[in-house]
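First up is the structure itself, then whatever we jot down about it.
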Amino acid sequence: MVDRLIAKLNLRDELTTTERDLLASVLEPERHHPAGVDLIRPGGRPDHATLLLSGFCGRYGMLRDGRRVFLSVHVAGDLIDLFGLLIPQLDYGVTALTACVTAAVPHDKLRRITQDHPHLTRLLWLETALEGAVHREWLLGRAQDADGRLARFLCEMTARLELVGLVTDDAFELPLTQIQLSEVLGMTAVHLSRTIKALRATGVVEWQGRHIRILDRARLMAAGQFDPTYLRPYREAV
């Protein structure tokens, strides 16, 4: 159940066998969630962190008029609310964009990790730091036009899904409806549909239903002004 998280952490610094076994041992039984339900509600006070095992979910904030503003999208292998270990009341929500499978990691077990396993603690701390980096990049993306925003999103999804082994031959599955994706990207569904059509016409991406293949990554990255450095997709001592 924890293989994708381990793969991602191990790319950044080598995990010991003890650390791998420990991560597997702290997970509670998996839970299944249908699309559309909140995994975390704004203002909630969780007693556990949540590991996303499969599916896609979106982190969002709420405006006073009831509108959601998406701050990031989570993929399999993400610990989606480590902040809750130190911030008792959360100021964001996380909703299942697709059917999702998760596993809880109780806070008391995370605290024992921080006390007894400093290297693993630093790697998990890095995960929270990189989540902040994702939020900052999404803020930059909001300043782009629709073409650039969509290109940046596809670049990020490709890079993050690659980290956990979910990209094959530059192709991956993105089972979001256009209505969901338009809300995630902060544009109307009609505008998104036109933007997808225009992007496909450039020849940089093949997009059929939920199946996406990147045909020219360099051009897509240029269109989205995307630099994957903020994801730290390489090994350095932590």
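The values are calculated or read from the model by the stated rules, or taken from the named source; none is laboratory data. None of these values were measured; they are calculated from a predicted model. Methodologically, a virtual Cβ is constructed for each residue, glycine included, from the backbone with ideal geometry; neighbour enumeration extends over all protein chains shown.
Descriptive notes on the structure:
- Qualifying residue in the range 81-88 (condition: at pLDDT 95 or above and under 20 Å from the mean Cα position of the chain (by Cα)): no
- Test: residue in the range 146-157 that is over 13 Å from Met221 (Cβ atoms), charged (D, E, K, R) and touching a strand residue (DSSP E or B) at 6+ places or on another chain (Cβ under 8 Å): no
- Total residues in the range 222-238, condition part of a helix (DSSP H, G or I), within 19 Å of the chain's Cα centre (by Cα) and either in contact (Cβ under 8 Å) with a residue 24 or more places away in the chain or within 27 Å of Thr177 (Cα to Cα) (or both): 4
- Assessment of the range 164-173 against the conditions (aromatic (Phe, Trp, Tyr), outside the structural domain of Gly36 (by TED's automatic domain parsing) and more than 12 Å from Pro228 (Cα to Cα)) yields at least one matching residue.
- Single match in Ala129, Ala159, Ala201, Ala218 (criterion: among the small types (Gly, Ala, Ser) and in contact with a helix residue (DSSP H, G or I) (Cβ under 9 Å, 6 or more places away or on another chain)): Ala159
- Complete set of residues in the range 18-70 that are under 17 Å from the mean Cα position of the chain (by Cα), assigned to a loop (DSSP other than H, G, I, E, B) and of a type in the set (Asp, Glu): none
- Enumeration of residues in the range 131-146 that are of a type in the set (A, V, I, L, M, F, W, C), over 12 Å from the mean Cα position of the chain (by Cα) and part of a helix (DSSP H, G or I): Leu139, Leu140, Ala146
- Residue count, the range 184-217 (criterion: within 15 Å of Ala171 (Cα to Cα) and surrounded by fewer than 12 Cβ atoms within 10 Å (Cβ to Cβ)): 3
- Here the condition is being part of a helix (DSSP H, G or I) and among the polar types (S, T, N, Q); of Thr98, Thr121, it holds for Thr121 alone.
- Contacts under 7 angstrom Cβ, first residue in the range 161-182 being on the phi > 0 side of the Ramachandran plot, partner buried (at least 19 other Cβ atoms within 10 Å of the Cβ) and of a type outside the set (S, T, N, Q), 6 or more apart: Gly165/Arg4; Asp170/Ile214
- The set of residues in the range 4-17 that are farther than 20 Å from His107 by Cβ and either in contact (Cβ under 8 Å) with a residue 40 or more places away in the chain or under 19 Å from the mean Cα position of the chain (by Cα) (or both) comprises Arg4, Ile6, Ala7, Lys8, Asn10, Leu11, Arg12, Asp13, Glu14, Leu15, Thr16.
- One residue stands out among those in the range 30-68 that are touching an Asp or Glu at 6+ places or on another chain (Cβ under 7 Å) and either assigned by TED's automatic domain parsing to the domain that holds Leu185 or among the aliphatic types (A, V, I, L, M) (or both): the one that is surrounded by the most Cβ atoms within 10 Å (Cβ to Cβ), which is Leu52.
- Taking the criterion of being under 28 Å from Gly132 (Cα atoms) and more than 22 Å from the chain's Cα centre (by Cα), the only residue of the range 192-215 that qualifies is Thr195.
- All positions within the range 124-133 that are buried (at least 19 other Cβ atoms within 10 Å of the Cβ) and either more than 20 Å from Ser54 (Cβ to Cβ) or not acidic (Asp, Glu) (or both): Leu124
- Exclusive hit being charged (D, E, K, R), closer than 22 Å to Arg59 by Cα and in a helix (DSSP H, G or I), set Arg219, Arg194, Arg200, Arg149: Arg149
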